[in-house]
């Protein structure tokens, strides 16, 4: 029977009074109430985002109270807002683990509009929390049928189906003989675990093993175990002694057929073991291993690990309800808590986050629970050195802060161990690599990055706007800090001719920081592994896939970092700098304008050229054309490398040539549009860039017909380069036929390609009875040694004018003139000049194998292997107090006549006649060239270079790779110079020898590095070399 509520003091019933008030207020008053309720809803959302669920409940309830007297017609604004407030308040109730209240709000929201999927979804979560799995399945299925876009809806439905199946299995087993038997065995095992003290013959290990065997043999026993609540008996033995056995049982229960979910008592015990300091490290490791395992189980990650629970809060000593996963990961951000976590446990945190995020929509599910995996990983990377045991030496007051304060050998040992660990701490480095690997995966998921990198706020005018968090700023700061600590090494600086002109110190990517004691002080565990800086650049590239993230990075001056990274000696770092230029320019027009209007280099313009935007490609190529002929050898070498700017231009031109079907002029006449590249301006600029690059390479080789070698040119192919040049310049494409080639020319061309003792030349070698100066008849002259001068005189004497018949010379000239004047023979002329061209001067960046056809295939193979060897491996050198011995590797089968070795007081030249210069440069100090000698021993040359003074050399060539003081000290100690016996030395000398021996022992044991000792540096002398 319905009752009528009457207000105090008499008057109308409450529902009639509300209707009367609504009629009295009118539409304007209703709109005002809706506006007030909407503001309350927005305030509740803001508090919900900061996890103030109590405050959010109050705001949602306030908004519902404001709408209580407003109209409730379906479809009007007040009705829609009321339903939204009910759904939001249900979400707040769920976060407080008040599932009953949440379910009532969801049902009330369904009464307002039964076609909205959101109240069905949250009602399904409430029923799941109340263990009403059938009801949860029904509501979640209804939400799915209405088109819900919740990311975890599918996996939640699968979880409900699985749990309903377990309930049905338990019902079928109840009362059966087999079910009763299995339940009895489980009960007996648990009694033995609880009453182990009363039975001396009971072995707990055997009981746990038997229980595990039963669960594996009878999967249905898992359901009976869960129904009987035997969990407490099992958790009692989660200790160091039996932890691994209990761990196996817990893993078996949660996986496989008829798996059951861990109840809150188990989850709470694992979380408390990880967080509380009273547990042993073995127990903590077991608990973290179990949490990591559960993170790979969809049933656990979709609900039981991210479900708010008051029971878990009670186990860990927290008020209210807590999310187990959030409790574990949020503890990382506490400095006091972080310093108690060992490095290997931090690795478990990384793996657990990774397992969560690898699940379907794992990032979104974590975001719903206010877990920020990307931010947590960045925090772990920043504070890795603060982990327990990572850097205890910093707090050791017994270790001197500077080496000048070291007084004993023990202090020296501690000092150098600390410094080595400061620069290269292996466990911390491995942890950082794991963090970067997971970051690179997470940022590629755009939704996860958007959830953490940006937050939506409401302005004072009521507009919603996105604001960046500190995540991207922190990532950029990490990259800048790693660049600041990068070590340096000597790298060649290429001139315009492509040859190394000098050396300079450039940063390179390494996992150890800048080392004042020399890189020999560091031994990397994984030298072939990709460096942390390279991985961090991959993370930044992944962030730029989100346009707002790219714009944010541009506003934080990432350009200054890219300018520095472009100067690295590590090629992979420069390649990723180009990729960053590319993605940032594509996403942020302001960044592209900054690059184009600033004083940047070829690296930046190459990044813009590689974009897919024609406007940026045209602007970049206009800049490239202006600097292509005058840029440094390094910039040109980079531009023409495989996959760089020249490669991109050639690809576009190939598409143009394929679409045109004729010449380039015909392509322009037809409108200059290509199916794959519609911009005529882009094609025209690509043509200019290609021809200018080709011209510069030919000028460097001083030949009109040379085909460039190395880099992208090798990927094009000689024939393709010639075809492209003909297409762009309009030269004839039809190759000459055999009938059009005179027989004399054919014979001459054929003979030129065969092995010859004398070198054929396009111009006569003899002119008026004189031998032309220069190498292979070229105009360039070289300074010859005395041996070379004698040889030239003998050749001149053997080739007198009377010996050379005029008719033969004239005949040769006629053939050459015939080939030069016949346009159909241009290909043969070019081929002839290529076959007869002398050794090409290589730029040292990409070695090429150049030889004639006389050697055997085996010799050619040895030469190829040698040419592809790293250049630094071809030279080694040692020294004594009086001489330097350089060892140069050469191909097997090399003979003395193939070598040309020149030693001057200030310079060393090593040259192979079929290859060219192998080593050529100024020596670091003067030598006695007249006393030098060399010998060829198998596949290496031993060159003895007497010193001009007794100073020890740091490097063989001026500006070359320098030896560390430790290496030079070893050479000093082992130098084969005559010395007095120890007994004949004066006392002062004996003291000095004793001190040197003691220090040498410390050095050999790795306790100290001699580079810091000033007395060694005085002996070694860092004075200037040859003058």
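Descriptive notes on the structure:
- Subset of segment 456-498 [buried (at least 18 other Cβ atoms within 10 Å of the Cβ) and modelled with pLDDT under 85]: 498
- Top-ranked residue of segment 598-610 - restricted to ones that are surrounded by fewer than 23 Cβ atoms within 10 Å (Cβ to Cβ) and either under 12 Å from residue 638 (Cβ atoms) or at pLDDT 90 or above (or both), ranked as nearest to the chain's Cα centre (by Cα): 610
- Residue match in segment 196-207 (condition: in contact with a helix residue (DSSP H, G or I) (Cβ under 8 Å, 6 or more places away or on another chain), free of Cβ contacts under 8 Å to residues at least 24 places away in the same chain and under 30 Å from residue 368 (Cβ atoms)): no
- Segment 351-364, subset under 18 Å from residue 430 (Cα atoms) and surrounded by fewer than 23 Cβ atoms within 10 Å (Cβ to Cβ), residue modelled with the highest pLDDT: 351
- Scanning segment 75-85 for residues that are within 47 Å of the chain's Cα centre (by Cα) and crowded, with 23+ Cβ neighbours inside 10 Å yields a total of 1.
- Residue in segment 384-400 that is buried (at least 18 other Cβ atoms within 10 Å of the Cβ), within 20 Å of residue 288 (Cα to Cα) and out of contact with any strand residue (DSSP E or B) (no Cβ under 9 Å at 6 or more places or on another chain) present: yes
- Listed here are the helices (runs of 4 or more DSSP H) enclosed by segment 568-658 that have at least 2 residues being touching a residue at least 60 places away in the same chain (Cβ under 8 Å) and closer than 25 Å to residue 534 by Cα: 571-587, 633-639.
- The residues of segment 499-514 include none that are assigned to a strand (DSSP E or B), buried (at least 18 other Cβ atoms within 10 Å of the Cβ) and either out of contact with any strand residue (DSSP E or B) (no Cβ under 7 Å at 6 or more places or on another chain) or without any contact (Cβ under 8 Å) to a residue 60 or more places away in the chain (or both).
- Residue list for segment 391-404, filter: assigned to a helix (DSSP H, G or I) and at pLDDT 75 or above: none
- Restricted to segment 150-171, and to residues there that are touching a helix residue (DSSP H, G or I) at 6+ places or on another chain (Cβ under 8 Å) and without any contact (Cβ under 8 Å) to a residue 40 or more places away in the chain, the residue that is farthest from residue 263 (Cα to Cα) is 150.
- Qualifying positions in segment 547-566 - buried (at least 20 other Cβ atoms within 10 Å of the Cβ) and either touching a strand residue (DSSP E or B) at 6+ places or on another chain (Cβ under 8 Å) or more than 19 Å from residue 604 (Cα to Cα) (or both): 549, 552
- Restricting attention to segment 874-917, the residues being in contact with a strand residue (DSSP E or B) (Cβ under 7 Å, 6 or more places away or on another chain) and part of a helix (DSSP H, G or I) number 3.
- The set of residues in segment 176-197 being over 55 Å from the mean Cα position of the chain (by Cα), over 23 Å from residue 238 (Cβ atoms) and not in a loop (DSSP other than H, G, I, E, B) consists of 177, 178, 179, 180, 181, 184.
- Some residue of segment 42-52 being part of a helix (DSSP H, G or I), modelled with pLDDT of 60 or more and more than 50 Å from the chain's Cα centre (by Cα): no
- Checked against (1) closer than 23 Å to residue 308 by Cβ; (2) outside any helix (DSSP H, G or I), residue 107 meets all criteria but (2).
- Any hit, segment 416-428, residues being surrounded by fewer than 19 Cβ atoms within 10 Å (Cβ to Cβ), more than 27 Å from the chain's Cα centre (by Cα), more than 27 Å from residue 51 (Cα to Cα) and free of Cβ contacts under 8 Å to residues at least 60 places away in the same chain: yes
The values are calculated or read from the model by the stated rules, or taken from the named source; none is laboratory data. On a predicted model such as this, the values are computed, not experimentally measured, just so you know. Heads up, the Cβs are rebuilt from the backbone with ideal geometry, glycines too, and the neighbour counts pull from every protein chain shown.
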